[in-house]
Amino acid sequence: MKKLMILGASYSQIPLYKAAKDLGVKTVAASTKGDWPGFSLADECAYADISKPSEVLKAAREFGVNGIATCCVDAGVRSLGYACETLGLPGLSKSAGEKSSDKYKMKEAFQEGGVRCARHILIRSRRELEEALEKLPFPVIVKAVDLMGSRGIFRCDTKEEALLHYEDTMAATRKDYCLVEEFIQGKLMGCEAMMYQGELLYCLPNNTLAFESTVPTPVGHSVPYEKQETLGDEVKRQVMLAIKAVGLDDCPVNCDLIEKDGKIYVIEITGRAGATCLPEIVGLMYDINYYEAIARLALGMPVAHMFEEKGKWGAVLAKTLSSQKSGKVKEIRNENLPSPDLIDLSFNIRPGEEVRRYQNGRDRIGQVILAGDTLLGCKKRLEEVLSKISIEFNL
């Protein structure tokens, strides 16, 4: 029986463990010790810091795995590339893992590969930051190179804000450098894809619903892409340029982009599946279990056939559920009835637990996934579903 090591054992990796089980594959959960749900689903547990390549390599050797996979989190991508290349396993290369996990190396690769992206400058001190601010127009982004989501990333409209947030960024990062780059004011969007032996198996641009904070962060996605007819080909072209620049192959691909004035800019790209229900969206559009495709790819099993035909749904919309206030939950009321188009409505909180007013992805309280014939229909249905959900807090 084949054995798959999954990097991460949190809520977002649960579907990957289940998909591997359904394939008849043994799973090894690799994560630091803790009350992670993946540990109870896995056949074996490897206590390792997935952000450290040497620990992941050691665990992979110890447990004799046939493949390594992850999804929805960046922490293990560098280690995955290192271990897969060292052990000769299917998966992205060490170099691709490094570039996926360091936004400076990624941006340098973009520049060399002709990818349209924001101008960037590496900084290691306040003095270098001040010099960089003379070269870039405001607003700018001060950005940690090794963190995911919105952590360590700040929009700055003045020199004073940039100097202040530089300290915040350097306190958050594990590197001795960060980036300052131009802020591209446009519409956030994304693209999911998968590479297999140099071949692009599919490319699915998506609309992104963003939470507006210091920088916009995704709280939902939908397909089809609203500008597919006019910009779909350009999205695919920029994504392929970015894939080649970073060297991604034999891996899922998650790409963040911005559309401004009819041009597509690549923000980031990485060799793992996206979060915020993106694997579920891909699965519904191709009528497959996308987590199964991820597991198959990692184990060198056939996967191309899974993307030969589209599924029955014309549109899919997913949104993270959040709270507008903080407090201890007394009761969750959900008046929605089961329906074929309501693919998922779930909560990851329970009465008695503390909830925070939404600021970033760690404050999510659940998710809703809807499918239908049109995107407009899904949007109207979302309003109806949300109107039937309420949370009562203890006074």
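Being acidic (Asp, Glu) and surrounded by 15 or more Cβ atoms within 10 Å (Cβ to Cβ) is the filter; apply it to segment 176-186 and report the residue that is farthest from Pro139 (Cα to Cα). Looking at the filtered set, the residue picked out is Glu181.
For segment 300-318, a residue qualifies if it is out of contact with any Cys (no Cβ under 8 Å at 6 or more places or on another chain) and not small (Gly, Ala, Ser), and the qualifying residues are Met301, Pro302, Val303, His305, Met306, Phe307, Glu308, Glu309, Lys310, Lys312, Trp313.
Among the residues making up segment 342-390, those that are open to solvent by less than 40 Å² (accessible area, probe 1.4 Å), under 20 Å from Gln324 (Cβ atoms) and over 22 Å from the mean Cα position of the chain (by Cα) are Val355, Leu382, Val385, Ile389.
Can you find even one residue in segment 12-29 that is within 19 Å of the chain's Cα centre (by Cα), open to solvent by 10 Å² or more (accessible area, probe 1.4 Å), closer than 21 Å to Leu278 by Cα and not hydrophobic (A, V, I, L, M, F, W, C)? If you could, list the steps in order and put the result at the bottom.
Of segment 12-29, the ones within 19 Å of the chain's Cα centre (by Cα) are 12-17, 19.
Now drop any that are not open to solvent by 10 Å² or more (accessible area, probe 1.4 Å), which leaves 12, 14-15.
This time we only want the ones that are closer than 21 Å to Leu278 by Cα, so: 12, 14-15.
From the residues that got through so far, the ones that are not hydrophobic (A, V, I, L, M, F, W, C) too are 12, 15.
Scanning segment 12-29 turns up at least one residue that is within 19 Å of the chain's Cα centre (by Cα), open to solvent by 10 Å² or more (accessible area, probe 1.4 Å), closer than 21 Å to Leu278 by Cα and not hydrophobic (A, V, I, L, M, F, W, C).
Within segment 342-368, restricting attention to residues that are among the acidic types (Asp, Glu) and at pLDDT 90 or above, the residue that is farthest from Gly220 (Cα to Cα) is Glu354. Screening segment 46-66 for residues that are under 24 Å from the mean Cα position of the chain (by Cα) and of a type in the set (Asp, Glu) and picking the one that is most open to solvent (accessible area, probe 1.4 Å) gives Glu55. Of all the criteria given as (1) in contact (Cβ under 8 Å) with a residue 40 or more places away in the chain; (2) in contact with a Lys or Arg (Cβ under 8 Å, 6 or more places away or on another chain), the one not satisfied by Ser93 is (2). Taking first residues from segment 234-246 that are open to solvent by 10 Å² or more (accessible area, probe 1.4 Å) and partners that are outside any helix (DSSP H, G or I) and basic (Lys, Arg), the Cβ contacts under 9 Å between residues at least 6 apart in sequence or on separate chains come to Glu234/Lys263; Leu241/Arg116. Quick one: what pairs do we get from segment 161-175, first residue open to solvent by 70 Å² or more (accessible area, probe 1.4 Å), second not in a loop (DSSP other than H, G, I, E, B), C-beta under 9 Å, 6+ apart or different chains? Short answer, once both residue conditions are applied: Leu164/Phe154; Leu164/Cys156; Glu167/Arg126; Lys175/Tyr104.
Return the residues of segment 201-259 that are in a loop (DSSP other than H, G, I, E, B) and over 20 Å from Arg151 (Cβ atoms); say none if nothing qualifies.
Start the filter on segment 201-259 by keeping residues that are in a loop (DSSP other than H, G, I, E, B), which leaves 212-216, 224-227, 247-250.
Listed by number, the residues that qualify are Pro224, Tyr225, Glu226, Lys227, Gly247, Leu248, Asp249, Asp250.
Could you tell me whether segment 315-325 includes any residue that is hydrophobic (A, V, I, L, M, F, W, C) and open to solvent by 40 Å² or more (accessible area, probe 1.4 Å)?
Here is the first cut: in segment 315-325, the residues hydrophobic (A, V, I, L, M, F, W, C) are 315-318, 321.
Of the ones still in play, those that are also open to solvent by 40 Å² or more (accessible area, probe 1.4 Å) are none.
No, there is no match, as no residue in segment 315-325 is hydrophobic (A, V, I, L, M, F, W, C) and open to solvent by 40 Å² or more (accessible area, probe 1.4 Å).
Considering (1) among the β-branched types (Val, Ile, Thr); (2) outside any loop (DSSP other than H, G, I, E, B); (3) open to solvent by less than 40 Å² (accessible area, probe 1.4 Å), the lone condition that Thr86 does not fulfil carries the number (3).
The values are calculated or read from the model by the stated rules, or taken from the named source; none is laboratory data. Bear in mind the structure is a predicted one, so any value in this text is a computation, not a measurement. A quick note on method: Cβ atoms are made from the backbone with ideal geometry, for glycine too, and the neighbour counts reach across all protein chains shown. In case anyone asks, the SASA skips ligands and DNA or RNA and just uses the protein heavy atoms, side chains included. Shrake-Rupley method; radii C 1.70, N 1.55, O 1.52, S 1.80 Å.
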